[in-house]
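The values are calculated or read from the model by the stated rules, or taken from the named source; none is laboratory data. Fair warning: this is a prediction, and the values are worked out from it, not measured in the lab. All Cβ positions, glycine included, derive from the backbone under ideal geometry; neighbour counts span all protein chains shown. We work out accessible area using only protein heavy atoms, side chains counted, and drop any ligands, DNA or RNA first. Shrake-Rupley method; radii C 1.70, N 1.55, O 1.52, S 1.80 Å.
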Amino acid sequence: MRKYILFFFVIIVGIIFIGRLLYLQVFNSHAQSIYDDNAIRTVFNYPKRGFVYDRNGKLLVSNQPSYDVMVIPRDVKPLDTLEFCSLLKINKEQFLNKYNKARHYSPRLPSVFVSHLAKEDYAILQEKMRKYKGFYIQKRSLRKYETNIGANVLGDIGEVNNRDIAKDNYYHSGDLIGKQGVEASYENILRGQKGIKFIQKDIHNQDIGPYKNGKYDTLPRAGKDIKITIDADLQAYGELLMTNKRGGVIAIEPKTGEILAMVSAPTYNPNSLVGRNRSKNFTKLFNDSIAKPLFNRSLQGVYEPGSPFKLMNALIALEENVMSPNEKVTCYHGIKYGNRFMGCHCPSGKRNDMIEGIEESCNAYFLTAYRRILDKYENASVGIDKWSKHVKSFGLGNYLNNDLFVGQKGRIPDREYYSYQYPKTFYSTYTVSNAIGQGEVATTPIQLANMTAAIANRGFYFTPHIIKSIEGETIPESFKTPKYTSISKENFEPVIEGMHQVYKTGTASSLKIKDIEICGKTGTVENFTRIDSVRTQLTDHSIFVAFAPKDDPKIAIAVFVENGYWGSRFAGKVASLMIEKHLKGEITRTDLEDWLLSHSLENEYAKPYSGKPFKINGQTELQVIPPEEFNKLKQKLNQLN
């Protein structure tokens, strides 16, 4: 029996080898195995990336030709390095770094060696490429931004990193991918599908023609064009108004949830992140830790919402039947709670009902409303959960599940949030800052704009989104489905009337726009930072929310201007002008326009770094820009119009 063991072993090994060869030659004879063949060169044919248009069909992003020098490390032969570096405008150290990086990625697959050659460099290099074995020139499309606005909306494309390659095997070293904004959100639609050519090589490593007559070759498939919801003219106007200021502006169409404008200030020209200077320019923007131009304040900026949040407490008080629209609360230039006092700018002894409370932004009224909501239940710990659920039904305190590339949850506290600070229970007086939109409450501009849209719609909203249409496809149904708040429709009317009175006779009466019935709410939020480890108060943030027209809303807007003094001073002016621009297409309140363009807040932003003491909300410190700078902004404005 022992003499047959070796025989059986040889037979089994033979069967394994034959089976493996059969699998490789018959069952696994597909294009994927070609990548491992040393006698075949793979060439990718990059597709045209999809165009991006604004809601009115204006072209925002197109393509331009670009030329990359590719390398296949195993095919590289000795060459005149100095001459080659001179042609590529790089030094020898850069040459070695690029070559080693490509070899580390894959000795046999092509990698981008030098990207984005200028046309004149390409013309010179093309004639001499035959001298440099293992290198070749590949043409592809590079983005061309047809506008100087909307950098935070459009985003940019850049070279893939190792994480991108590991996540999706579509990408290879040197490929481009959407990095931010719409380019990132709709990468899979815009990128298209690469074509592939397999080139047979002879024993001398020379190309001899298509492998198997191009049997496994594929043609590129162009990316799909998309139309986004942004109104390019409104976007440009908002960015101009926010010059020399920092903050975020979001405008939404209440009936659809489509984002009309998404301004983050300061901004930058999207074309600065195109071509060979992309890396240098991106590094410069990224390292600006003071102005933070890459930080999308409209989506990522988390701020206390201030007085616009009083609208939420008014709605919840009505829904919980703890206040009626006609009930009056006396304001004694503020109100006492426990052994503390919350001040207010209302005259002492003034009695306000709900509409007047909103119109005058009365702290005493809304502290009373908030306490009644929480004290309605057996204890405030239960009441805060009821209150929190109402607030979150407006999309606050959570991601909105939209199609935007970045975002923040914000913060709406509940019982669990306070459980560490108050393990057993607490009283409504402990959290009264929530009554006026400060304390533990925090929101983003897009969340406040969405809240305003829900109020404009009398109780529902559509998920804010940036996509309007996709070539040959439909947008997700989730963007077309209304989401209802926990507040009954009839309870919105007194709140909306209060917002209307804000413009007629209240805190925004100086911002009226002729022939437009606007409903709004001003907000002023205290602003603190740490300077030399000391908590220091800076100039207040200016916040404003509004929608218009009152009975047929076509725009809802939220504006945050950092260090902007108070609600109507900066944010309210921006909101009023953008509403007029959207609804009329022209501006009648040129006085507001000129004021915004001529005033800067840059000196406010410099205060924490100046080492000098400064006043809080000192009107005399407001900075007026030089006449020549103002004239340049006016010229830009005239070009927009």
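Some values worked out for this structure:
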quantity	calculated
Packing rank of 77-87, 516-526, where each peptide gets the mean count of other beta carbons within 10 Å, highest leading	516-526, 77-87
Among 273, 209, 251 the positive-end extreme of the charge dipole of segment 175-284 (Cβ point charges)	209
Charged-residue dipole, Cβ positions (Lys, Arg, Asp, Glu), the chain about Cα centre, Debye nearest 20	2280 debye
Full-extension gain in nm, residue 411 to residue 79, via 0.36 nm per residue minus C-alpha separation	113.4 nm
Length gained when the stretch residue 148-residue 166 is fully extended (0.36 nm per residue, less Cα-Cα span)	3.1 nm
Segment 483-641 - percent of accessible surface contributed by carbon and sulfur, probe 1.4 Å	48 percent
Protection proxy ranking, peptides 540-546, 61-67, average beta carbon neighbours within 10 Å, highest first	540-546, 61-67
Ordering of 270-282, 220-232 by packing [mean C-beta count within 10 Å, highest first]	220-232, 270-282
Most positive-pole-ward Cα, 137, 200, 479, against dipole of the chain from beta carbon charges	200
Simple spin-label estimate for residue 481 and residue 137 in nanometres, 7 Å along Cα-Cβ	5.3 nm
Calculated [θ] (222 nm, deg cm²/dmol) that DSSP helices of n ≥ 4 give over the chain, each run adding -39,500 (n - 2.57)	-9500 deg cm²/dmol
The chain - accessible surface per residue (Å², probe 1.4 Å)	47 Å²
Protein accessible area in segment 158-293, 1.4 Å probe - carbon and sulfur %	49 percent
Computed label-point distance, nm, for sites residue 108 and residue 427 using a 7 Å Cα→Cβ extension	7.8 nm
Length released on extending from residue 595 to residue 58, taking residue separation times 0.36 nm less the Cα-Cα span	190.3 nm
Estimated distance in nm for a label pair at residue 533 and residue 45, the labels positioned 7 Å out from Cα along Cα-to-Cβ	6.6 nm
Accessible surface of segment 80-147, 1.4 Å probe, proportion on carbon and sulfur as whole %	48 percent
